Amino acid sequence: MTSPLQGKIAAITGGASGIGLECVRQIAASGATVYILDRDHQALDKAREELGERVHTIEVDLFRYETVDRAIETIVSEQGRIDILHVNAGAYIGGNVWEGDPDKWDKMLNLNINAAFRSARAVMPAMMKQKSGDIIMTSSIAGIVPIPAEPIYTASKHAVQAFAHTIRRQLAPFGIRVGAIQPGPVVTPLLNDWDPERLKANIEAGAMMQPSDVAEAVVFMLSRRKGTVIRDLVLLPHSFDV
Ligand code: NAD
């Protein structure tokens with residue numbers, strides 16, 4: 001049976017590492033052409049070498065509107081359309097607010113929510129013209145449950161949820177579907193800032209997921225029949241520590 005993703009054109013932000021990279025692998029393996037939008041040029045080169053001709057890379061700084069807009073314009077001019085945007089890039093910082101570095105908080109918020117807005121906004125004209133398109137956002141369990149050890153991250157992911165829910169309504173009349181996935185902790189470089197004891201305890205307790213768990217769920221979400229909505233999906237390990 002042909003995969004519902006066969007022949008689709010997809011863009012994934014932050015697709016050069018962790019969850020994004022595994023989504024690139026699995027979405028491309030399902031028959032789509034995938035563009036990775038990321039700023040890490042070494043990781044982009046590596047991904048392109050590893051993943052073959054159905055995977056393209058564009059070096060993008062998601063902090064800047066013009067580079068995001070240009071990347072989407074490139075995809076549309078090369079492929080004639082864009083069917084899928086996976087808004088995935090994000091950063092993580094935990095800890096007490098009064099001890100945190102405000103510059104780091106600002107950058108994290110800029111990436112987690114402002115860049116989500118920048119990339120979603122950039123695909124809207126093309127998807128509206130096509131009268132079709134799917135936008136998936138990698139939110140987090142912190143997008144629906146306040147995590148006391150992670151106040152600013154929690155705030156950023158609640159904002160992503162609110163953004164996804166509101167544009168879902170605005171874009172539905174144009175045939176554009178929007179969904180968010182809310183994973184619990186996943187073993188990726190994002191958690192390098194986690195307290196090592198917390199990480200160790202969670203790994204030992206089996207309370208961490210792998211990027212492939214999230215990627216399989218994203219492929220499932222994107223494979224919903226045409227004419228149906230994309231449901232949000234909470235994805236948790238069998239036990240987890242907030
Ligand atoms: P990661 O650190 O492995 O990958 C993040 C990617 O984003 C990197 O390739 C990085 O180069 C890119 N990036 C960062 N800033 C950028 C910028 N300004 N411009 C372009 N690219 C930029 O992270 P991950 O764990 O795979 O996280 C992906 C998403 O999943 C994030 O939104 C994160 O919040 C979310 N998430 C992660 C976990 C987890 O436990 N790892 C759990 C739930 C949700």
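What follows is calculated from the coordinates using simple rules that are stated; it is not laboratory data. In this text the structure is predicted, and so the values were computed from the model without any measurement. For neighbour counting, all protein chains shown are included, and Cβ atoms are generated from backbone atoms with ideal geometry for every residue, glycine included.
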Exercise. How much length is gained if the chain between Lys131 and Glu73 is pulled fully straight, taking 0.36 nm per residue apart and subtracting their Cα-Cα distance, in nm to one decimal?
Worked result: 19.2 nm
Problem set entry | Calculated P(r) tail over 19 Å for the range 3-105, as whole % of Cα pairs | 44
Exercise. Taking the Cα atoms of the range 53-173 alone, what are Rg (to one decimal) and Dmax (as a whole number) in Å?
Worked result: 15.7, 49
For this session: Sketch the reach of a paramagnetic label on Glu50 as a point 7 Å from Cα along Cα-to-Cβ, and name the residues of the range 173-187 whose backbone nitrogen lies under 20 Å away.
Result: 186-187
Seminar exercise, completed: Once phi for every residue in the range 43-59 is put through the Karplus expression 6.51 cos²θ - 1.76 cosθ + 1.60 (θ = phi - 60°), the whole-Hz ³J(HN,Hα) values, with Gly and Pro written as x, are 5, 5, 4, 4, 5, 5, 4, 6, 9, x, 6, 7, 10, 10, 10, 10, 6
Exercise. Along the positive direction of the dipole of the chain (beta-carbon charges: Lys, Arg +1; Asp, Glu -1; about the Cα centre), which of Ala11, Trp194, Pro237 reaches farthest?
Worked result: Ala11
For this session: For Asp101 and Ile144, calculate 0.36 nm times their separation in residues minus their Cα-Cα distance, and state this gained length in nm to one decimal.
Result: 13.0 nm
Exercise. Helix 211-222 versus the longest principal axis of the chain: what is the Cα-based angle in degrees, 0 to 90, to the nearest 10?
Worked result: 40
Seminar exercise, completed: Rounded to one decimal in nm, the spacing of the 7 Å Cα→Cβ label points at Asp195 and Arg121 is 3.8
Problem set entry | Choice from Thr33, Thr228, Thr188 with maximal GNM fluctuation in the chain (Cα, 10 Å cutoff) | Thr228
Problem set entry | For Leu235, distant residues with modelled amide H under 5 Å away | Gln182, Gly184
For this session: Could you quote the convex hull projected area for the range 101-242, Cα atoms only and averaged over all directions, in nm²?
Result: 9.0
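Treating only the Cβ atoms of Lys and Arg (+1) and Asp and Glu (-1) as charged, compute the dipole magnitude of the range 9-233 about its Cα centre; round to the nearest 20 debye.
Working: 24 positive and 27 negative charges, 251 e Å.
Dipole size: approximately 1200 debye.
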Problem set entry | More than 22 Å apart - percent of Cα-Cα pairs taken over the chain | 50
Seminar exercise, completed: Any residue on another chain or 5+ positions along whose placed amide H is under 5 Å from the amide H of Leu85 is listed here as Ala11, Asp134, Ile135, Ile136
For this session: Quick one: which residues, 5 or more positions from Gly15 or on another chain, have an amide H under 5 Å from its amide H? H modelled 1.01 Å from N in the peptide plane, none for Pro or chain starts.
Result: Leu37
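Indicate the gyration tensor shape class of the range 93-145 (rounded, prolate or oblate), computed on the Cα atoms with a ≥ b ≥ c the square roots of the eigenvalues: a/c under 1.5 is rounded; otherwise a/b larger than b/c is prolate and the rest oblate. Display every interim value, and only then the final one.
Working: a/c = 6.17, a/b = 2.32, b/c = 2.66.
Verdict is oblate for the range 93-145.
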For this session: Work out the FRET efficiency for Ala207 and Asn114 from their Cβ-Cβ distance, taking R0 = 25 Å, and round it to the nearest 0.05.
Result: 0.25
